[in-house]
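First up is the structure itself, then whatever we jot down about it.
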Amino acid sequence: VQLVESGGGLVQAGGSLRLSCAASGRTISRYTMGWFRQAPGKEREFVARMTLSGGSTDYADSVKGRFTISRDNAKNTMYLQMNNLKPEDTAVYYCAAGPPLASSIAGDFGSWGQGTQVTVSS
């Protein structure tokens with residue numbers, strides 16, 4: 001499956017952005033989907049994931065209550081709604097597709113997008 005992220009940009013603290021991850025090649029309904037991010041000089045970190053059925057979601061503590069992951073299997077697209085953004089959310093955000101039992105570990109995911117930059121100013 002090929003993944004392409006969009007929706008990143010520059011936003012002030014407290015603002016919102018919605019990231020999209022458009023898939024092609026295979027339907028995302030076959031995969032557990034995830035969002036990760038990587039800030040300059042830091043390791044790639046888990047943000048959120050949703051199981052292939054969409055019945056279970058999981059979030060990093062740092063984004064819980066502010067970010068929402070969702071998917072539209074008919075459009076073969078995944079989303080990340082980000083509200084109340086903080087400067088520490090600044091990073092390149094990546095979407096990823098993995099097998100049904102993929103956890104919050106980046107190594108569980110086999111397909112990755114190219115990333116989209118999110119910058120939150122204070």
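Is it fair to say Ala74 is among the hydrophobic types (A, V, I, L, M, F, W, C), without any contact (Cβ under 8 Å) to a residue 12 or more places away in the chain and either touching a strand residue (DSSP E or B) at 6+ places or on another chain (Cβ under 7 Å) or more than 14 Å from Leu17 (Cα to Cα) (or both)? Write out each step before concluding.
Numbers: among the hydrophobic types (A, V, I, L, M, F, W, C): yes; without any contact (Cβ under 8 Å) to a residue 12 or more places away in the chain: yes; either touching a strand residue (DSSP E or B) at 6+ places or on another chain (Cβ under 7 Å) or more than 14 Å from Leu17 (Cα to Cα) (or both): yes.
Judged against the criteria, Ala74 is a match.
Report every pair of residues separated by at least 6 positions or lying on different chains whose Cβ atoms are under 9 Å apart, first residue within the range 102-122 and of a type in the set (Gly, Ala, Ser), second open to solvent by 70 Å² or more (accessible area, probe 1.4 Å) and outside any loop (DSSP other than H, G, I, E, B).
Close Cβ pairs (under 9 Å, with a partner that is open to solvent by 70 Å² or more (accessible area, probe 1.4 Å) and outside any loop (DSSP other than H, G, I, E, B)) amount to Ala106/Glu45; Ala106/Trp112; Ser111/Gln2; Gly113/Gln2; Gly113/Val4; Ser121/Leu10; Ser121/Gln12; Ser122/Gln12.
For the range 81-112, how many residues are within 20 Å of Pro40 (Cβ to Cβ), among the hydroxyl-bearing types (Ser, Thr, Tyr) and open to solvent by 40 Å² or more (accessible area, probe 1.4 Å)?
0
How about the range 1-25: which of its residues are farther than 13 Å from Ala96 by Cα, part of a loop (DSSP other than H, G, I, E, B) and open to solvent by 30 Å² or more (accessible area, probe 1.4 Å)?
Gly7, Gly8, Ala13, Gly14, Ser16, Gly25
Kindly evaluate Gly54 against the criterion of being open to solvent by 50 Å² or more (accessible area, probe 1.4 Å) and farther than 17 Å from Gln117 by Cβ.
Working: open to solvent by 50 Å² or more (accessible area, probe 1.4 Å): no; farther than 17 Å from Gln117 by Cβ: yes.
No.
Please verify whether Gly41 is surrounded by fewer than 16 Cβ atoms within 10 Å (Cβ to Cβ), without any contact (Cβ under 8 Å) to a residue 24 or more places away in the chain, not aromatic (Phe, Trp, Tyr) and not in a strand (DSSP E or B), treating the condition exactly as stated. Walk me through how you get there before you give the answer.
Working: surrounded by fewer than 16 Cβ atoms within 10 Å (Cβ to Cβ): yes; without any contact (Cβ under 8 Å) to a residue 24 or more places away in the chain: yes; not aromatic (Phe, Trp, Tyr): yes; not in a strand (DSSP E or B): yes.
In short, yes.
Give the residues of the range 64-80 that are touching a Phe, Trp or Tyr at 6+ places or on another chain (Cβ under 9 Å) and loosely packed, with under 15 Cβ neighbours inside 10 Å, sorted by residue number.
Gly65, Asp72
The values are calculated or read from the model by the stated rules, or taken from the named source; none is laboratory data. Worth saying up front: this structure is predicted, and the values here are computed from it rather than measured. Neighbour counts are summed over all protein chains in view; Cβ atoms, including those assigned to glycine, are modelled from backbone coordinates with ideal geometry. These area figures cover heavy atoms from the full protein model, side chains too; ligands, DNA and RNA do not enter into them. Shrake-Rupley method; radii C 1.70, N 1.55, O 1.52, S 1.80 Å.
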